[in-house]
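Notes for the one structure printed next.
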Amino acid sequence: MNEENKYEKAESYQARRDSKKHFLYEIVSNETNGIDVDKWDYFARDCLNLGIANNFDYKRFITFSRVVKCEKTGKHHICVRDKEVENAYEMFHTRFRLHRQAYQHPVKVSLEIMIAEALTRAGNALWFTKPDGTSFKMADAINDMEAYVQLDDGIFNHIIRQYENNDFTSAINFLADIKEVDEEAMKAIGSLKKYMEERFSSDLEWARELLIRVVKRNIYKLVKKIPFTENVVNVQELADTIVQHDTDLTADDIVLKIIKFNYGMKEKNPIDNLSFYTKEKPDESFQITKNEVSYLLPSVFQEQVLFVFVKDVSKRKIVEKCIELWKEKEEEEKKRRTMKKEEQVDLLCTPEHSSQSEQPRAPIKHSENIGQSNVKRRLDLGLSVPSLKKTKISKVDGDDIID
């Protein structure tokens, strides 16, 4: 396909998406709110095979779905009856549970990390041959489709079946010791020796040993799952910070993995992008806010969990101790920042920092008016507000003074 036809096809595709049949693109893969039959399919499959309850009723959801033109977007969307809003929340809760209990299970994550490490290390050491007879490294296959299609699940066993380190070394040394042969034979032996040296690599042996650990179920062990409210910027720096509490531990002894759990739209609530209709007005769409449904629904729609794995199970206790020390230090640092923040607020609320400090202060006649500006500043910054019952008031020269 030439470039002109490709762009014409892309423009035609976008035109169809902007047409009255825009809703058709919400059936299989819904980019508007994530409610589509693709999810319903794997919900039914995986819940059945994993023994996890699926409380989402897709048949009822389909029954109460219809296409309505939305005033907000000016396009036709798939809308659902207002009484199905709880069923919609149940769908995303089912998705969340499947990720927590199956898709991001610690054993699955551990195996994923180990296999990825093995393939990465073997990428420049593992060679394959294309149909035309040319050789290529696995790491370069991404740029060559003929090479890429040869990479299948057999790579796992292919790496394991590679010769061990000492076998390669013995063969190379044997070829190097051959001297008393003719020139052509020496040339052939030299080519064979070079071929073996190119294909032998300590990285390949390392990958082989790691995959043997996978087969023997000697996998990286989960030490701790730590939920985070803030983004973890640099995982490597975090690993260095954790292991610094013990001299017998290095950053290479642990593996950190950040897993994000959400309702499919990161920190957003997908139901906010779902339109509803009523029985009385089936051709008018509207949104339903979370608080209109229930105050027991989640207030946060994404959480980050730090998985800490240890490569050598014998060091698990050391890693646990380091994590506890690191968490204690983090809590102390958090308290210090909070206290500093409170001190800054209190300083801003003192009379000498007020724009009206030179004017005489009016007496405070009611206890409920005490420190209103201070309270407001604290609430705006998310700080705690001291109880008014603990406020001591004394009189000096007829003015109320807050202690």
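Criterion first (crowded, with 17+ Cβ neighbours inside 10 Å, outside any loop (DSSP other than H, G, I, E, B) and at pLDDT 95 or above) does Phe43 satisfy it? So Phe43 passes the test. As a summary of the residue check, Asn87 satisfies the conditions (1) under 30 Å from Gln287 (Cα atoms); (2) free of Cβ contacts under 8 Å to residues at least 60 places away in the same chain; (3) not in a helix (DSSP H, G or I) except for the one numbered (3).
Annotation: of all residues in the stretch 93-152 being outside any helix (DSSP H, G or I), open to solvent by less than 40 Å² (accessible area, probe 1.4 Å) and touching a residue at least 40 places away in the same chain (Cβ under 8 Å), the one that is nearest to Lys260 (Cα to Cα) is Gln104. Tell me yes or no: at least one residue of the stretch 284-293 is of a type in the set (Ser, Thr, Tyr), open to solvent by less than 70 Å² (accessible area, probe 1.4 Å), in contact with a Ser or Thr (Cβ under 8 Å, 6 or more places away or on another chain) and touching a residue at least 40 places away in the same chain (Cβ under 8 Å). For the stretch 284-293, residues of a type in the set (Ser, Thr, Tyr), open to solvent by less than 70 Å² (accessible area, probe 1.4 Å), in contact with a Ser or Thr (Cβ under 8 Å, 6 or more places away or on another chain) and touching a residue at least 40 places away in the same chain (Cβ under 8 Å): present.
Just one of the listed residues (Lys257, Lys340) is not in a strand (DSSP E or B) and not hydroxyl-bearing (Ser, Thr, Tyr), and it is Lys340.
The set of residues from the stretch 298-325 being within 16 Å of Phe96 (Cα to Cα), open to solvent by 40 Å² or more (accessible area, probe 1.4 Å) and among the aliphatic types (A, V, I, L, M) comprises just one member, Val300. Looking across the stretch 207-238, the residues that are part of a helix (DSSP H, G or I), open to solvent by less than 90 Å² (accessible area, probe 1.4 Å) and at pLDDT below 90 come down to Val235, Leu238. Selection within the stretch 255-279: residues that are over 16 Å from Arg66 (Cα atoms) and β-branched (Val, Ile, Thr). The member of this set that is surrounded by the fewest Cβ atoms within 10 Å (Cβ to Cβ) is Ile258. Inside the stretch 150-172, residues that are at pLDDT 85 or above, over 29 Å from the mean Cα position of the chain (by Cα) and aliphatic (A, V, I, L, M) make up a count of 2. Examine the stretch 334-350 for a residue that is open to solvent by less than 60 Å² (accessible area, probe 1.4 Å), modelled with pLDDT under 60 and more than 30 Å from Leu211 (Cβ to Cβ), and state whether such a residue exists. The answer is no; no qualifying residue exists.
The values are calculated or read from the model by the stated rules, or taken from the named source; none is laboratory data. None of the values given here were measured: they were computed from a predicted structure. Neighbour counts run over all protein chains shown; Cβ positions are idealised from the backbone, glycine included. We work out accessible area using only protein heavy atoms, side chains counted, and drop any ligands, DNA or RNA first. Shrake-Rupley method; radii C 1.70, N 1.55, O 1.52, S 1.80 Å.
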